[in-house]
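Report on the structure given below.
The values are calculated or read from the model by the stated rules, or taken from the named source; none is laboratory data. It should be emphasised that the depicted structure is a prediction, and the values quoted were computed from it without experimental measurement. Note that we place each Cβ from the backbone using ideal geometry, even for glycine, and neighbour counts take in every protein chain shown. SASA here: full protein model, heavy atoms, side chains in, ligands and nucleic acids out. Shrake-Rupley method; radii C 1.70, N 1.55, O 1.52, S 1.80 Å.
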Amino acid sequence: MRAKRCVAPMMTALLTLCFLAGPPSQAAPGNYRSPVSLVATDDGKTLYIAETTANRVAVFDTATQQVVREIRVAQLPLGLALSGDESILYVTSATPRGGVEIVDIARDQVLETIATGHTPVAAIAHPDEKTLYVCNQFSNNVGVIDLDQAAQIKTIAVPREPVTSALTANGRYLLVANHLPAGPANAEHVAAVVSIIDTATRTLIENIDLPDGSTNLQGVAISPDNRYAYVTHILARHRFPTTYLERGWVNTNALTIIDVKEKRYVNTVLLDDPHRGAANPYSVACTADGASLIVTHAGTHEASVIDRVGLHARLLSARDPRRFVSTCTSTSSTSFADPAYVAEDVPNDLTFMTGIRRRIPLAGNGPRGLVIAGTTAYVAEYFTDSISVIPLDAGKDEHSLSIPLGQTPPMTTARKGEMLFHDASPSFQNWHSCASCHSDGARTCGLNWDLLNDGMLNAKNAKSLLLTHQTPPAMATGVRADAETAVQSGVLYIQFAIPRRTHTAPLNAYLKSLEPVASPYLIDGALSQAAQRGQRLFQTAGCTQCHRGPLYTDGLRHRVGTETAEEPRGRFDTPSLIEVWRTAPYLHDGRAVTIREVLTTFNPDDKHGRVSTLSEDELSDLIEYVLTR
Ligand code: HEC
Ligand code: HEC
């Protein structure tokens, strides 16, 4: 085993001279670090922190609590993993051309870059030390990287947008969190799933379904005994009109427990309190002794420390209501005090965490990744360029300390808007942020919502906010004149907050700053032959009549045969087709999962483009083109 790279304080200056990378660089405005993920050495002395927007990995000494150096890596470092001997750091570059950089830590040198799929966001090293698994978010697969061959040798398809994974300690099973639901949004059950991959056969063996409304999966952790997995996500109450936010009637924030041994869903618990949401649960980790689970809340800037033994005892007792009595009431009419309380009531019970969880406010803003080193939890705080240190020693009253990773640069208006967009503090009782429904860079959550701007009982699919300011009017029916009005009403009617200019102006600036991500259907950035043929068909089939110009919209409302009993007039604003490859499900009510369904199943009379006369090959070419936008 190589020497560990923990740096004694007095050696810092010397090492700084030897290494290519210097001490934390000076911060120019706009030069943010945006830490997202972090890993720790086994001895807990060193942390590696992905500074996502700075294209660096910070090396943090936990004894002196400071950054001792920074390693320059490729664009958008997001996923981090350490080799068994801790000499090599694997860093994913979460870009369309995606790759994993193999970094020799001692030499501060990138040895090579292994090509992966589109946007690898997480990496995990198998204990065999030969394999690395990466979550290729927009290729919708898990890449298997053979480290000897230095190549991605296989991909395992998963339902939709794998964003993080965890391995059982014996390396047998890989649990993968799929960020969004993959099905139609108007179905009776709409939820994202957790995929279980058998690493021996390198196949997907099970998709564990979560309760209806589960979306925005972010974190997964496995207990040290390999028995349970814990998954963080939003549990949306999307079947109800968004008339009132109190007690989580719009979004609740949840942790699902999966029995890894039996490969089955156990239950889902709410992390909220009855009168205060714990918005946007992000990472989850289990302490080495299995006693506690730690969850970060990106929207409320806090961490939950959960008594894991107490949690499981309570889950068991849910079938036996006499075991304990809660003093508060829950969202549902049943509570632990009710003799009828059963396991099915747990996902509706806002008092479930009472007495078995402590909420620890963090000093920084936007907590995301989490790592436990020894008896301390470290949390990456995205917007304040800091990490929080939470001592977990038994008996101590936890408090956190936020340590800056370097100079904090002044925030641009757009950055401030990005922060507010992900912040649940302005929202009534902190139930949700804009990102709860417009997740992953202000795109979609895959669910339908019955907002009140266009009447009741006519749910609409959550729209991506990319290009919203350039494509007025806003909303599927065009009821809002422009995005500014939609932003204002979002703050007022969805967050139940007063839309002040100091709030809405940065939100608008942030949304205007969003840029499209290159489609995974492009080949080296260009159209395939099929897509080129499809491009011509896009004209001849009449698509450009409405999907016109560089943003593929004429800004007008049309009837394309998608009317329903709820929307009998059936006039909808032509949506832009930019990034349509990632915004499924489609149409105003999210009924279509694929572009093919939009053009065939839900276009029987050619009211939505002249498609019925196309041959099968032509249709495929047209779809191929649309998916490259
Ligand atoms: C409860 C889920 C939810 C939350 C929270 C939410 N939105 Fe939305 N948003 C939606 C849905 C659903 C639509 C599409 C509605 C429609 O088409 O009628 C939408 C549409 C929009 C649009 C119009 C997009 C377009 O191009 O037509 C904007 C802008 C917007 N939201 C901004 C925000 C902002 C800013 C916030 C936070 C203050 C926010 N939203 C919070 C669900 C949500
Ligand atoms: C008459 C105007 C018009 C024509 C012609 C037209 N579209 Fe559309 N398109 C629309 C409207 C309006 C919607 C939204 C319908 C809804 O939400 O129910 C839409 C929705 C879509 C969507 C779903 C987008 C999303 O985000 O939900 C796709 C994909 C699409 N059109 C592709 C095409 C293609 C390909 C053609 C040519 C074959 C075409 N359209 C022709 C007006 C048109």
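Listed values for the stretch 58-66 are Karplus-derived 3J(HN,Hα) couplings in whole Hz (6.51 cos²θ - 1.76 cosθ + 1.60, θ = phi - 60°), namely 8, 9, 10, 8, 6, 6, 8, 6, 8, and x replaces Gly and Pro. Each residue of the stretch 151-156 was assigned a 3J(HN,Hα) from its phi angle through the Karplus expression (A = 6.51, B = -1.76, C = 1.60, θ = phi - 60°), giving 8, 7, 9, 7, 10, 10 Hz with x at Gly and Pro. Annotation: per residue accessible area for the stretch 431-558 equals 45 Å², rounded to a whole number [probe 1.4 Å, protein chains only]. Multiplying the residue separation of Leu452 and Arg276 by 0.36 nm and removing their Cα-Cα distance gives an extension gain of 61.0 nm. The 3J(HN,Hα) values that the Karplus relation (6.51, -1.76, 1.60; θ = phi - 60°) gives for the stretch 276-292 are, in residue order, 8, x, 10, 5, 6, x, 10, 8, 9, 9, 10, 5, 4, 7, x, 6, 10 Hz. Gly and Pro appear as x. Residues whose amide H falls under 5 Å from that of Arg56, counting only those 5 or more places apart or on a different chain, are Glu51, Val73, with hydrogens built in the peptide plane. Once the Cβ-Cβ distance of Gln532 and Lys263 is raised to the sixth power relative to R0 = 45 Å, the FRET efficiency obtained is 0.50.
Taking only protein heavy atoms and a 1.4 Å probe, the accessible area of the chain is 53% carbon and sulfur. Surface exposure of the stretch 58-122, expressed per residue as accessible area with a 1.4 Å probe, stands at 32 Å². Cα centroid separation, the stretch 257-295 to the stretch 130-153: 27 Å.
Around the amide H of Gly446, modelled in the peptide plane, lie the amide H atoms of Ala462, all under 5 Å away and 5 or more residues distant in sequence or on another chain. Please compute the net charge surrounding Ala200, taking Lys and Arg as +1 and Asp and Glu as -1 over other residues with Cβ under 14 Å from its Cβ. After counting each charged neighbour, the total is +2.
Sorted on the mean count of surrounding Cβ atoms within 10 Å across their residues, most packed first, peptides 447-453, 76-82 read 76-82, 447-453. Straight-line cross-link reach from Lys130 at under 21 Å between alpha-carbon atoms covers these lysines, not counting any fewer than eight positions away in the same chain: Lys4, Lys154.
Greater than 32 Å separation of Cα atoms is the criterion. Which listed pairs, Lys45/Lys263; Lys463/Lys607; Lys45/Lys512; Lys416/Lys607, meet it? Checking Cα-Cα distances, Lys45/Lys263; Lys45/Lys512; Lys416/Lys607 exceed 32 Å.
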